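Report on the following structure.
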């Protein structure tokens, strides 16, 4: 029931963290540092998962063009730790990294801010610089996720990557050495921004770090670059769960993709792998149909359904989305994630108690505005009432336009919970670990 509002309003509950059931490896006496990281628990909504990773300076002795399982797993931990000042600070402390720099967005999030951090660790051979981008625990930044722009690369992601690039250039200058090994990583929104950042670095004729010394690992990154701007860099690895809908949007029909190499981490026995990590996690059921047999085919069908030409809402064209939906969907999604987690859960619980008829009734008049307003007021979220009402109207108008088709498509709504579930970090951790264990 909780997915109904997410489907109708286009607010995917993605990034709002219990000990894992699988044993963690014993420390190895080879000079490695064992570090822990918190993985947000979204599949069950219980306490965070505390997991261990291994770090060794010799990880950067390997060519950046060769995927390194240990470095990939460490990057996953860094990506997940990026959600808060405390978590990323703790991770860097464990790595004995110095001169930690956090962007202002960790103190105050805006519609166009981006959380990121830098830190460095000196070795006998080089300065290892860690660059992590925040993909969790942000609010208003959701607006930028949907700010794709009329042309070119994803406008919101590129602007964020450009900001990080300039800050990174200044940070590297403070190290007073050109012998640098650079790690860039991020999850979801942060994966997309990291991917664009990698492109900015690697496409520069005078890169701030030599291409051979740039190591990039992204996870569940949405599309962010136009295909003509996305070379298949051999040192950029994008871990992608093919059952996850998020890496498929913005759609390839608009020309979006990622630079580097995409690696599918979703095995045929994904549910077994996930439940081996935590037996309490219940994978949503999936009902095949004549139009789609697999979850990946279903995701493609959902994209095709949304991109149909419906007159005013002609989403088959990129400009159609920008003209009519970019602002209202971005604004309402940002407001939703501005709520405290407990308020989000309360809102979703209230939706879950409603029938489909009651939910459809929310799309009429000012009903959606009047339904959401008390939650915003309870948490002290600031908003302009007139703008809020207008955005509610536009979202409702779009949803009511596609509603007849949506309800006639058997299984389309009922199956949506699985691709949303497949974006959760606690779901993808065992899939990433399983991929590198084989």
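Overview of values
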{"quantity": "Flag for residue 42 being modelled with pLDDT of 90 or more and either surrounded by 13 or more Cβ atoms within 10 Å (Cβ to Cβ) or under 18 Å from residue 212 (Cβ atoms) (or both)", "calculated": "no"}
{"quantity": "Filter result for residue 74 (under 19 Å from the mean Cα position of the chain (by Cα), buried (at least 16 other Cβ atoms within 10 Å of the Cβ), assigned by TED's automatic domain parsing to the domain that holds residue 199 and under 27 Å from residue 428 (Cα atoms))", "calculated": "yes"}
{"quantity": "Residue list for the stretch 80-93, filter: surrounded by fewer than 18 Cβ atoms within 10 Å (Cβ to Cβ) and closer than 21 Å to residue 175 by Cβ", "calculated": "89, 93"}
{"quantity": "In the stretch 272-283, residue modelled with the lowest pLDDT [restricted to those that are closer than 16 Å to residue 422 by Cβ and surrounded by fewer than 17 Cβ atoms within 10 Å (Cβ to Cβ)]", "calculated": "282"}
{"quantity": "Residue check, residue 177 in contact with a strand residue (DSSP E or B) (Cβ under 6 Å, 6 or more places away or on another chain), modelled with pLDDT under 95 and assigned by TED's automatic domain parsing to the domain that holds residue 120", "calculated": "yes"}
{"quantity": "Condition check for residue 303: more than 30 Å from residue 378 (Cα to Cα), in contact with a helix residue (DSSP H, G or I) (Cβ under 7 Å, 6 or more places away or on another chain), assigned to a helix (DSSP H, G or I) and in the same structural domain as residue 245 (by TED's automatic domain parsing)", "calculated": "no"}
{"quantity": "Residue check for residue 113: in a helix (DSSP H, G or I), in the same structural domain as residue 197 (by TED's automatic domain parsing) and crowded, with 17+ Cβ neighbours inside 10 Å", "calculated": "no"}
{"quantity": "Some residue of the stretch 324-344 being over 28 Å from residue 138 (Cα atoms) and not assigned by TED's automatic domain parsing to the domain that holds residue 66", "calculated": "no"}
{"quantity": "Sole residue being farther than 30 Å from residue 253 by Cα and not in a strand (DSSP E or B), chosen from 78, 51", "calculated": "78"}
{"quantity": "Enumeration of residues in the stretch 176-222 that are in contact with a helix residue (DSSP H, G or I) (Cβ under 7 Å, 6 or more places away or on another chain) and assigned to a loop (DSSP other than H, G, I, E, B)", "calculated": "188, 207, 208, 209, 220, 221, 222"}
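The values are calculated or read from the model by the stated rules, or taken from the named source; none is laboratory data. Because the structure is predicted, anything quoted here is derived from the model rather than measured. No Cβ is skipped: glycine too gets one built from the backbone with ideal geometry, and neighbour counts run over all protein chains shown.
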